[in-house]
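The values are calculated or read from the model by the stated rules, or taken from the named source; none is laboratory data. In this text, all values refer to a predicted model and were calculated from it rather than measured experimentally. Here Cβ is always computed from backbone atoms with ideal geometry, including for glycine, and neighbour counts include all displayed protein chains. Protein only, heavy atoms only, side chains kept; ligands, DNA and RNA dropped before computing areas. Shrake-Rupley method; radii C 1.70, N 1.55, O 1.52, S 1.80 Å.
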Amino acid sequence: MADCCSFWNLTLSDVSRAQTGGALSLAELPFNPLRLVLLIAWVYLCLYSVQCVQFNPFVPDKYKGLANVLALVVGPVLLLGLFIAETAKKSRRSQESFFAVLRDQVEHAVTAVRTYRFKSRSDEGSALHLLDSAGRSMDEVYGHSGGKIADARILDLTERTVANALERRASDILIDPKDGDTYTVRLRVDGALTTVSELDAKTCRAVINSIKAVSGMDIGERRRPQDGGFMARKGHAVASFRVASAGALNGEKLSIRVLNKDAGVLTLAAIGLAAEQRALIEKALQKPSGMILICGPTGSGKTTTMYAMLNQIDRFTRNVITVEDPIEAVLPQASQIEINPKADITFAKTLRSVLRQDPDVICVGEIRDEETAEIALRASQTGHLVLATLHCDSNATALVRLLDLGVSRLLLSSGLSLLLSQRLLRRLCDRCKQPVVLSDKQIATFERKGIDHSHMFRAGRCKHCNQTGYLGRTAICDILMVDDQLKAQIAGSEAFLADMKTNDGKKSRSRLRRHGMSKVAEGVTSLEELKRVVG
Ligand SMILES: [Zn+2]
């Protein structure tokens, strides 16, 4: 037994000696391989941190030097600190809990890493690539393919900004100088602007330059207004963008319009018109001549409605020519012409040349002056169907506005066939809308007016709609058919138009409200949204 114990003692002590001996022999080496690996990793992380700090919006330009030194020493610790500060700021801004934002951030980072790996493995991936109008990539345009890491980061940031805008269904990206040191990047989603990021001036100027380069604009010109365009490819999908730049206080501003690629398939039903309204429009569209005038303030969806109307027309059998400023969407089987007032290519001049091209249907992007109004109305009398938009409040003010421009009453009465004035309401997000609790007074009012109030909803908040409660928009409109009686009245007396101007404004508003109310009753939009838009 003792032998047995001594055997075990011997063996254990041998093992322990071997272990200590092993460790000792490692320490006795001139370097410890494990420590060396850790040291290299730490130095790499520190260098990486310096790069991250360089582009971090939380670090003001004047502290970048100090932050770089700190990053070299404490590296990842500084990054962790910045990450926590960013998460806390986002959580304050979105009013979500810190951990919910943290989880989002981590998920986002994982997706970014995956996308990056996918991107590096194959060019035809889920990543987005910017192309100029000739289809060349940013690398080719910029000549940066083998360039510095900093340049690659700017291109990456530019692509991410555009990808983010597409993901959020934005119609515009606006980049403006906030003050001398920072720029804001804002997106217009469903008509509302939201700030998505703030970049330091140096980084943002580089982003602006990369967009200007890919859009075929002069990078050196920072004050004079310029415009251009580019495309973005993601897999097989391609989106087109129009870019305008101009000098602003503290720098240069850039606005990017996302062109609507679905314009060729838009329908009147999809934009929100009721069946009886669609029937009236379809009747006017089938006529060989006459003018359909779409009225509304800026951002009321006039152009979208015009495209939806054009989709009702058989563009294979009817020659459709559009004159626009700028072209907002690509319409298959139509000739689209863009005007350029700076080069003296105006609506009026372009319309005159279009009339020589034997068109059946002419679209006038916007009537702004007497000459355009007159050419368009004359064309509508001489065997052309004319679709046009006018910036004004209601159908009645449209008539008065055209007379104010100098169009004769006779021309107006004989040319017009239908007027439509419209507004856009935001649609409630289906994933988070909440049943509305109505007061007794509201219920009594709805019952008196015969409005069904059992399916009314109010906005909620969820990730799907970016905490806004709304997703997409729908149109409400007021239609005025110009029949023989109205034609006679317009041509006949000035008093009629004066009366129409004073009285019809209110009536038009109440017709818009009625159309909007039917959408509230269907649970498509909320009472608050209707009140915000129509009052
Ligand atoms: Zn939602």
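In the chain, if the dipole is taken from +1 on Lys/Arg beta carbons and -1 on Asp/Glu beta carbons about the Cα centre, which of 303, 453, 68 is farthest to the positive end?
Comparing the listed Cα positions along the dipole, 453 ranks first.
Under Stokes-Einstein, with the Kirkwood radius over Cα pairs standing in for Rh, what whole-number D in µm²/s applies to the chain at 37 °C and 0.692 mPa s? The partial results should precede the final answer.
Details: Rh = 27.8 Å.
Rounded to a whole number, D works out at 118 µm²/s.
With a probe of 1.4 Å, find how much accessible area the chain has per residue, and write the answer as a whole number in Å².
Values: 28510 Å² over 535 residues.
Roughly 53 Å² per residue, with all protein chains present.
Which FRET efficiency, nearest 0.05, do residue 410 and residue 104 yield, Cβ-Cβ r, R0 51 Å?
Values: r = 64 Å, r/R0 = 1.25.
Plugging the Cβ-Cβ distance into 1/(1 + (r/R0)^6) gives 0.20.
Could you give the length gained by full extension between residue 343 and residue 270, i.e. 0.36 nm per residue of separation minus their alpha carbon distance, to one decimal place?
Once the chain is fully extended between residue 343 and residue 270, it gains 22.6 nm.
Provide the packing ranking of 229-241, 440-452, 408-420, i.e. peptides ordered by the mean count of other C-beta atoms within 10 Å per residue, highest first. Before the final figure, lay out the partial values.
Working: 229-241: 16.5, 440-452: 11.1, 408-420: 20.2.
The most tightly packed comes first, giving 408-420, 229-241, 440-452.
For a Förster distance of 60 Å, can you work out the FRET efficiency between the beta-carbons of residue 502 and residue 219, rounded to the nearest 0.05? Intermediate results must be reported in sequence, preceding the final value.
Numbers: r = 54 Å, r/R0 = 0.89.
Working from the Cβ atoms, E equals 0.65.
What shape does the stretch 180-234 take by its C-alpha gyration tensor, where a ≥ b ≥ c are the square roots of the eigenvalues and a/c under 1.5 counts as rounded, a/b above b/c as prolate, and the rest as oblate? Intermediate values should be presented prior to the final figure.
Values: a/c = 1.75, a/b = 1.17, b/c = 1.50.
It is oblate, given that a/c is not under 1.5 and a/b is not larger than b/c.
Between residue 316 and residue 522, what is 0.36 nm times their sequence separation minus the Cα-Cα distance? Round to one decimal in nm. Mind showing how you got there, number by number?
Numbers: separation 206, 0.36 × 206 = 74.16 nm, distance 3.70 nm.
Length gained, residue 316 through residue 522: 70.5 nm.
Taking 0.36 nm per residue of sequence separation and subtracting the Cα-Cα distance, how much length would be gained by fully extending the chain between residue 193 and residue 248, in nm to one decimal? Provide the component values of the computation, followed by the final result.
Details: separation 55, 0.36 × 55 = 19.80 nm, distance 1.90 nm.
Result for the pair: 17.9 nm of gain on full extension.
Using only the Cα atoms of the stretch 125-258, build the gyration tensor, take square roots of its eigenvalues as a ≥ b ≥ c, and label the shape rounded, prolate or oblate: rounded if a/c is under 1.5, else prolate if a/b is larger than b/c, else oblate.
On the way: a/c = 1.43, a/b = 1.14, b/c = 1.26.
Because its axes are fairly even, with a/c under 1.5, the stretch 125-258 counts as rounded.
Counting each DSSP H run of 4 or more residues in the chain as -39500 (n - 2.57), what helix-only mean residue ellipticity at 222 nm follows after dividing by all residues, to the nearest 500 deg cm²/dmol? Can you show the working numbers first?
Working: 18 runs with 255 residues, N = 535.
Helix-only estimate at 222 nm: -15500 deg cm²/dmol.
When Lys and Arg each count +1 and Asp and Glu each count -1, what net charge do the other residues less than 15 Å away from residue 221, Cβ to Cβ, add up to? Show your work: numbers first, answer last.
Working: positive: 205, 212, 222, 223, 224, 253, 342; negative: 218, 227, 252.
Once all neighbours under 15 Å are counted, the net charge is +4.
Could you give the dipole magnitude of the stretch 448-535 about its Cα centre, charging the beta-carbon of Lys and Arg +1 and that of Asp and Glu -1, in debye to the nearest 20?
That gives a dipole near 560 debye.
Among the listed pairs 89/178; 302/487; 283/487, give every one whose C-alpha distance is greater than 21 Å. All intermediate terms of the calculation are to be shown ahead of the outcome.
Numbers: 89/178 19 Å; 302/487 24 Å; 283/487 17 Å.
Going by Cα-Cα distance, 302/487 fall outside the 21 Å limit.
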